[in-house]
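Engineer: Here's a structure for you.
The values are calculated or read from the model by the stated rules, or taken from the named source; none is laboratory data. Just so it is clear, the structure is predicted and the values come from calculations on it, not from any experiment. Please note: Cβ atoms are built from the backbone with ideal geometry, for glycine as well, and neighbour counts cover all protein chains shown.
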Amino acid sequence: MKTSLLSILLMLNALVLLGRPADTTYRQAFRPQYHFSPRVNWTNDPNGLVYHDGEYHLFFQYNPYGIRWGHMTWGHAVSPDLFHWKELPPALHEDDKGMVFSGSCVVDTKNTSGFGRDGKVPMVAVYTNHREDNQSQHLAFSLDRGRTWTKYEGNPVIDLKEKDFRDPNVFWHEPTQSWVMTVVLAKERKALFYSSKDLKQWTRNGEFSSPGGPDGIWECPALREIPVEGTRQTKWLLLLSLGSGMPAGGTGMRYFIGDFDGKRFRSDLSTDDVRLVDYGKDYYAAITFNQTARPLSLGWLNNWQYANEIPTTPFRGAMTLPRELKIVRSGKSYALRQTVARELRPLTSDSFQWRGFDTAELNKSVEKNKVQGDAYVMRLEAEPGREFSAVVRRGAGEETVVGYDPVRKEVFVDRTRSGQTAFSKDFAGRFSAPVDPGVTATGAPAGIRLEIYVDRSSVEVFVNDGQVTLTNLIFPKPESRGISFTGDGLRAVTIRNVEPVWPQ
């Protein structure tokens with residue numbers, strides 16, 4: 001395969017950037033301390049999430065040339081534990097055939113593709129090749145654990161001559177002994193299902209659409225079989241990202257739960273039953289990892305309403321925390337539950353614990369013990385039907401408020417005064433999620449439990465063991481590190497520091 005001049009320039013530029021001594025200290029005011037972000041430049045969707053030979057691989061949409069969207073390339077990072085990431089040179093480069101848009105990666109252990117050589121197992125990337133007037137699906141393969149890649153000479157493997165046909169998500173379907181691809185016609189809001197024996201020749205089978213819900217374009221599908229908690233049953237989860245019209249404003253995600261036979265997906269949910277993956281403003285393009293026993297996902301921590309304008313440098317864009325996905329029986333239906341991947345636990349250490357009934361005493365204890373910070377996880381337990389809030393990243397004129405409103409029965413995050421907000425009219429706001437605590441096993445009203453993950457430029461909230469989540473960016477001053485509480489509902493508070501995962 002001939003290497004174009006553009007590809008050579010991109011590779012050289014990327015290597016220079018990755019070797020740059022300044023700007024890559026991970027000490028910037030808004031640099032996440034336990035979320036992934038590239039050393040420099042723009043990133044958006046996670047791509048090609050896969051576990052192989054002891055490494056989690058994160059590929060991601062990346063611009064090697066600058067801090068705004070453009071020149072889409074697959075950046076690359078690897079990790080032994082989902083948190084300590086080592087950034088590698090970009091994997092798949094823009095060339096004279098087009099940009100490298102989103103997609104997925106599989107480990108072809110049976111060498112169905114024929115790409116394997118000398119006993120080496122191929123990793124195969126399936127991605128959208130983007131030109132201004134056409135999007136088609138292409139392959140590339142690696143025989144050295146993802147360090148170098150060769151684009152398939154027979155590309156494209158699927159071309160419908162469509163302008164908005166993108167984001168292939170591929171996995172091995174054991175019952176049919178086939179590869180399955182979910183890919184979307186974005187503006188038609190359709191998910192198409194293909195099957196293949198060799199990753200090269202694809203047969204179109206079924207399609208899925210839903211007339212209800214927000215009317216934004218569909219992007220970044222992910223289909224995964226997941227056990228139903230407490231049963232021997234499994235259900236299929238279909239994740240979809242919507243480009244606009246979400247309740248919090250702008251982009252977001254919804255999900256469907258149903259059955260899949262290798263060719264067609266049937267949703268258990270009615271078209272007017274809109275299930276959101278996250279109720280915050282900044283959770284998008286999440287897909288699942290291939291080759292993992294546990295269902296794990298990772299998303300982009302941003303919103304297209306202002307993604308190009310957020311006040312970070314020399315990078316722009318980060319990933320959410322990795323999540324473990326569960327499906328539970330909820331009444332006559334099924335629901336998604338999400339928790340932060342357990343690999344975070346060894347990175348945390350006790351900082352503060354309190355139990356009691358007096359919020360004033362709680363605040364005195366926080367002040368006395370000088371409890372503050374910009375990278376920690378806070379766990380709250382509250383009485384049934386009582387109002388409360390936690391104020392984080394508090395400073396002069398700045399605060400982010402996370403709380404529960406028992407009248408509205410909702411958990412909220414208010415970032416109206418969270419720090420820098422003027423860069424976009426769509427940034428400041430209060431975002432909420434409906435929460436019905438329900439009852440305990442004895443029939444008594446249940447309380448509210450929150451896990452609040454605070455980092456230098458984000459707050460991720462998990463309610464009642466992942467019943468709902470809210471993910472939001474914030475941009476406070478470095479000195480805004482205060483913590484306080486309001487309301488009469490809190491009964492227990494634990495704060496655990498999270499150690500930085502980047503070199504300091």
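Engineer: Do any residues in region 121-145 that are surrounded by 20 or more Cβ atoms within 10 Å (Cβ to Cβ) have Cβ atoms under 7 Å from those of residues that are among the acidic types (D, E), where the two are at least six apart or on different chains, and which pairs are they?
Structural biologist: P122/D108; V124/D108; T128/D167; Q135/E162; Q135/D164; S136/D159
Engineer: Return the pair list, or none, for Cβ contacts closer than 9 Å from residues in region 330-351 that are farther than 24 Å from L239 by Cα and modelled with pLDDT under 95 to residues that are surrounded by 13 or more Cβ atoms within 10 Å (Cβ to Cβ) and of a type in the set (G, A, S), at least 6 apart or on different chains.
Structural biologist: Sorted first by the residue in region 330-351, then by its partner, the pairs are S351/G373.
Engineer: From the residues in region 230-239 that are touching a residue at least 24 places away in the same chain (Cβ under 8 Å) and not in a strand (DSSP E or B), which one is surrounded by the fewest Cβ atoms within 10 Å (Cβ to Cβ)?
Structural biologist: Going through the qualifying residues, I end up with G230.
Engineer: Output the residue which, of all residues in region 452-490 that are out of contact with any Phe, Trp or Tyr (no Cβ under 8 Å at 6 or more places or on another chain) and among the hydroxyl-bearing types (S, T, Y), is surrounded by the fewest Cβ atoms within 10 Å (Cβ to Cβ).
Structural biologist: By that ranking, first place goes to S484.
Engineer: When region 170-209 is examined, which residues are found to be in a loop (DSSP other than H, G, I, E, B), small (G, A, S) and touching a Phe, Trp or Tyr at 6+ places or on another chain (Cβ under 7 Å)?
Structural biologist: Scanning region 170-209 gives a single hit, A186.
Engineer: Could you name every one of the strands (runs of 3 or more DSSP E) located completely within region 50-116 that has at least 2 residues being of a type in the set (D, E, K, R)? Even if it seems obvious, please write down each step before you answer.
Structural biologist: Details: elements: 55-63, 73-79, 86-92, 99-107.
Once the strands (runs of 3 or more DSSP E) in region 50-116 are filtered for at least 2 residues that are of a type in the set (D, E, K, R), what remains is 86-92.
Engineer: Could we say that G213 is on the phi > 0 side of the Ramachandran plot, in contact with an Asp or Glu (Cβ under 9 Å, 6 or more places away or on another chain), in contact (Cβ under 8 Å) with a residue 12 or more places away in the chain and not aliphatic (A, V, I, L, M) here?
Structural biologist: On the way: on the phi > 0 side of the Ramachandran plot: yes; in contact with an Asp or Glu (Cβ under 9 Å, 6 or more places away or on another chain): yes; in contact (Cβ under 8 Å) with a residue 12 or more places away in the chain: yes; not aliphatic (A, V, I, L, M): yes.
Yes; evaluated as a whole, the condition is true for this residue.
Engineer: When you scan region 421-467, how many residues do you find that are of a type in the set (V, I, T), part of a loop (DSSP other than H, G, I, E, B), under 25 Å from the mean Cα position of the chain (by Cα) and over 21 Å from R275 (Cβ atoms)? Can you show your working first?
Structural biologist: Start the filter on region 421-467 by keeping residues that are of a type in the set (V, I, T), which leaves 421, 435, 439-440, 442, 448, 452, 454, 459, 461, 463.
Now narrow it down to the ones that are part of a loop (DSSP other than H, G, I, E, B): 421, 435, 440, 442.
Those left that are additionally under 25 Å from the mean Cα position of the chain (by Cα): 421, 435.
Restricting the remaining residues to those that are over 21 Å from R275 (Cβ atoms) gives 421.
Within region 421-467, residues that are of a type in the set (V, I, T), part of a loop (DSSP other than H, G, I, E, B), under 25 Å from the mean Cα position of the chain (by Cα) and over 21 Å from R275 (Cβ atoms) number 1.
Engineer: Output the residues belonging to region 1-30 that are at pLDDT 65 or above and either buried (at least 21 other Cβ atoms within 10 Å of the Cβ) or not charged (D, E, K, R) (or both). Outline the logic, then answer.
Structural biologist: Within region 1-30, the first condition is being at pLDDT 65 or above, and the residues that meet it are 25-30.
Those that are at pLDDT 65 or above and either buried (at least 21 other Cβ atoms within 10 Å of the Cβ) or not charged (D, E, K, R) (or both): T25, Y26, Q28, A29, F30.
Engineer: Counting only residues that are under 25 Å from the mean Cα position of the chain (by Cα) and among the polar types (S, T, N, Q), give me the strands (runs of 3 or more DSSP E) lying completely in region 320-392 with at least 2 of them.
Structural biologist: Once the strands (runs of 3 or more DSSP E) in region 320-392 are filtered for at least 2 residues that are under 25 Å from the mean Cα position of the chain (by Cα) and among the polar types (S, T, N, Q), what remains is 333-340, 348-355.
Engineer: Please go through region 203-229 and give me each residue that is among the hydrophobic types (A, V, I, L, M, F, W, C) and crowded, with 21+ Cβ neighbours inside 10 Å, ordered by number.
Structural biologist: Listed by number, the residues that qualify are F208, W218, C220, A222, L223.
Engineer: With the requirement that a residue be under 19 Å from G98 (Cβ atoms) and among the basic types (K, R), what does region 109-146 give you?
Structural biologist: Matches in region 109-146: R131 only.
Engineer: A further question on this structure: Considering (1) at pLDDT below 95; (2) buried (at least 18 other Cβ atoms within 10 Å of the Cβ); (3) not charged (D, E, K, R), say which one A441 fails and leave the rest.
Structural biologist: Just one mismatch for A441, condition (2).
Engineer: Hey, any hits in region 92-99 for a residue that's among the basic types (K, R), in contact with a strand residue (DSSP E or B) (Cβ under 7 Å, 6 or more places away or on another chain) and assigned by TED's automatic domain parsing to the domain that holds Q61? Explain how you work it out, then say what you get.
Structural biologist: Here is the first cut: in region 92-99, the ones among the basic types (K, R) are 97.
Narrowing further to those that are in contact with a strand residue (DSSP E or B) (Cβ under 7 Å, 6 or more places away or on another chain): 97.
Now drop any that are not assigned by TED's automatic domain parsing to the domain that holds Q61, which leaves 97.
Yes: one or more hits.
Engineer: Across region 117-129, which residue is farthest from the chain's Cα centre (by Cα) among those that are over 22 Å from L298 (Cβ atoms) and assigned to a strand (DSSP E or B)?
Structural biologist: My answer is R117.
Engineer: Is there a residue being over 23 Å from A285 (Cα atoms), in contact (Cβ under 8 Å) with a residue 40 or more places away in the chain and in contact with a Lys or Arg (Cβ under 9 Å, 6 or more places away or on another chain) anywhere in region 171-186?
Structural biologist: yes
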